[in-house]
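**Student:** Handing you this structure, nothing more for now.
The values are calculated or read from the model by the stated rules, or taken from the named source; none is laboratory data. Since we're looking at a predicted model, the values are computed, not measured. Using ideal geometry, Cβ is built from the backbone for each residue, glycine included, and neighbour counts are taken over all protein chains shown.
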Amino acid sequence: MNELVSRVAENVGIAPDVAEKAIGMMLGFLQREADDGAVAKMIEAIPGASELVAKFNGEGAGGGLLGGLMASFGGGVMALGQQLMSQGLGMGEITGLAKETMAVAREHAGDEVVDTVIASVPGLSQFV
């Protein structure tokens, strides 16, 4: 298990397999929605992050009536939240996941890169 997954699992209080999937989903979302250059640098800088994105990028995306409704409203952060809730996470855990993931990203990619990623996704700043 990589450092990011173990830190999120331990600090947020969720199972490592749930943390791994949730991080992969969140980073995959950022890869689709955030500033391309900054998010690529950020994901490359975090050990194991590229593998998580490759493994879980499309997971939980958009299925069913709720997924269709979220997509019609532009999806975004709220759609990601719904996907993570469908994995059994509560709002507190989702916020913890986002904060801990961004803290690790800052350590590896630097504040400037992470701030660019956060600023490029509408609504993300309220969770990190």
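**Student:** Out of (1) modelled with pLDDT of 95 or more; (2) within 20 Å of Gln126 (Cβ to Cβ), the odd one out for Ala45 is which?
**Tutor:** Condition not satisfied by Ala45: (2).
**Student:** For the stretch 5-49, which residues satisfy the criterion of being small (Gly, Ala, Ser), loosely packed, with under 15 Cβ neighbours inside 10 Å and assigned to a helix (DSSP H, G or I)?
**Tutor:** Ser6, Gly37
**Student:** All but one of (1) assigned to a helix (DSSP H, G or I); (2) among the β-branched types (Val, Ile, Thr); (3) modelled with pLDDT of 90 or more hold for Val77; state the number of the condition that does not hold.
**Tutor:** The failed condition is (3).
**Student:** Shifting gears a bit: From Thr95, Thr101, grab the single residue that is crowded, with 20+ Cβ neighbours inside 10 Å, closer than 22 Å to Gly13 by Cα and modelled with pLDDT of 90 or more. Can you show your working first?
**Tutor:** On the way: Thr95 fails: crowded, with 20+ Cβ neighbours inside 10 Å.
Just one listed residue meets the conditions, Thr101.
**Student:** Also: Looking only at residues in the stretch 50-68 that are modelled with pLDDT under 75 and assigned to a helix (DSSP H, G or I), which one is surrounded by the fewest Cβ atoms within 10 Å (Cβ to Cβ)? Quick ask: steps written out before the conclusion?
**Tutor:** We begin by selecting, within the stretch 50-68, every residue modelled with pLDDT under 75; these are 57-68.
Now restrict to residues that are assigned to a helix (DSSP H, G or I): 64-68.
Details: Gly64: 10, Leu65: 7, Leu66: 14, Gly67: 17, Gly68: 10.
Filtering first and then ranking leaves Leu65.
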